[in-house]
Amino acid sequence: MKRQFYFQDDRSNKFWTIELVGNESITTHGRVGATPRQTRKQFATAEDARLGIEKQIAAKVKKGYVQGIAPEYAKPDWTSMAMSDEVFWRIISLFNWKKTGEDDAVIEPAVEALAEMSVDDIKRFEDILTEKLHALDTEAHAREIGEEAYQFDRYFSPDWFLYVRCVVVANGPSLYESVLADPTEMPKDIEFESLLTVASTAFERKTGQDFDHVPELSYESFRNQAGWPNSEKT
């Protein structure tokens with residue numbers, strides 16, 4: 001019997017089916033409404049095929065696929081939304097990591113969505129981003145970023161620490177909350193500076209003007225005094 005699954009989020013409306021025919025699994029997948037792509041895989045026995053299918057299903061469910069027929073899909077109407085913590089994370093989730101290595105392309109879906117929102121919402125996005133980066137600006141987190149980790153007796157790059165903190169936020173609320181609670185989970189030796197340009201690019205695209213909004217907090221390193229109680233730089 002063919003089993004059907006779907007996945008929907010703010011930028012995806014996809015389906016995936018799988019069927020056991022003898023010793024062979026047959027899958028189809030693609031965007032809802034598009035021509036499906038088919039994959040066939042042979043197994044040594046029917047039991048091996050059954051186990052292989054269950055493994056594939058488990059992997060899809062882990063990624064967020066739901067069994068059943070996809071309900072009608074409504075593309076998000078960003079113009080009708082007000083910026084909030086929830087909407088902030090929805091915007092972040094639009095990053096296209098298939099374009100990793102091309103940072104402008106990674107952030108483009110988020111910039112496009114944010115530019116549809118109001119000027120005040122764009123500014124609020126920047127405020128929320130700043131708040132989250134500020135919260136990660138602690139000595140404990142700075143000591144866990146890999147080769148460039150903070151130590152008293154050697155040079156430390158405040159900019160690099162900021163860009164590593166950007167990686168945490170760019171990867172969504174689950175990682176953010178985990179790292180905020182446990183600094184040892186900080187990403188190592190990786191940066192995503194382009195996160196800092198999302199609001200300014202969206203604002204400039206919407207208005208044709210430079211983005212001069214200054215949040216109350218600062219995301220620059222050493223600005224969170226509570227996170228650096230023993231530092232002379234705060």
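Points worth noting:
- Those residues of the stretch 2-28 which are part of a strand (DSSP E or B), within 15 Å of GLU54 (Cα to Cα) and not basic (Lys, Arg), in sequence order: GLN4, PHE5, TRP16, THR17, ILE18, GLU19, LEU20, VAL21, GLU24, SER25, ILE26, THR27
- With respect to (1) closer than 25 Å to GLU185 by Cβ; (2) more than 15 Å from the chain's Cα centre (by Cα); (3) modelled with pLDDT under 95, the lone exception for GLU131 is condition (3).
- The set of residues in the stretch 29-51 being part of a helix (DSSP H, G or I) and either crowded, with 16+ Cβ neighbours inside 10 Å or assigned by TED's automatic domain parsing to the domain that holds GLU108 (or both) consists of ALA49 alone.
One line per residue, one yes/no per condition, for (1) in the same structural domain as THR27 (by TED's automatic domain parsing); (2) over 18 Å from SER200 (Cα atoms); (3) surrounded by 14 or more Cβ atoms within 10 Å (Cβ to Cβ); (4) touching a Pro at 6+ places or on another chain (Cβ under 9 Å):
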site	(1), (2), (3), (4)
VAL61	yes, yes, no, no
MET83	no, no, yes, no
VAL111	no, no, yes, no
ILE122	no, no, yes, no
LEU133	no, no, yes, no
ARG143	no, yes, yes, yes
ASP153	no, yes, no, no
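- Among residues of the stretch 86-100 that are farther than 15 Å from PHE192 by Cα and assigned by TED's automatic domain parsing to the domain that holds ILE122, those with a beta-carbon under 7 Å from a residue that is among the aromatic types (Phe, Trp, Tyr) and in a helix (DSSP H, G or I) at least six positions away or on a different chain give the pairs PHE88/PHE125; ILE91/PHE125.
- Residues of the stretch 88-132 that turn out to be touching a His at 6+ places or on another chain (Cβ under 8 Å) and basic (Lys, Arg), as a count: 1
- Within the stretch 179-199, the residues that satisfy the criterion of being in contact (Cβ under 8 Å) with a residue 24 or more places away in the chain and either part of a helix (DSSP H, G or I) or under 14 Å from PHE125 (Cβ atoms) (or both) are VAL179, LEU180, PRO183, THR184, GLU185, GLU193, SER194, LEU195, LEU196, THR197, VAL198, ALA199.
- Selection status of ALA115, within 30 Å of LEU196 (Cβ to Cβ) and among the hydrophobic types (A, V, I, L, M, F, W, C): yes
- In this structure, PHE156 qualifies as of a type in the set (Phe, Trp, Tyr) and more than 19 Å from GLY172 (Cβ to Cβ).
- Subset of the stretch 180-234 that is within 18 Å of GLU131 (Cβ to Cβ) and charged (D, E, K, R) - its residue that is surrounded by the most Cβ atoms within 10 Å (Cβ to Cβ): ARG223
- Of the residues ASP137, ASP127, the single one that is out of contact with any Phe, Trp or Tyr (no Cβ under 9 Å at 6 or more places or on another chain) and in contact (Cβ under 8 Å) with a residue 40 or more places away in the chain is ASP127.
- Filter pass, GLY22 being exposed (fewer than 14 other Cβ atoms within 10 Å of the Cβ), under 28 Å from TRP89 (Cβ atoms) and not assigned by TED's automatic domain parsing to the domain that holds GLU112: no
- Residue match in the stretch 63-71 (condition: part of a loop (DSSP other than H, G, I, E, B), surrounded by fewer than 11 Cβ atoms within 10 Å (Cβ to Cβ) and modelled with pLDDT of 95 or more): no
The values are calculated or read from the model by the stated rules, or taken from the named source; none is laboratory data. Worth saying up front: this structure is predicted, and the values here are computed from it rather than measured. Cβ atoms come from the backbone with ideal geometry, glycine included; neighbour counts cover every protein chain shown.
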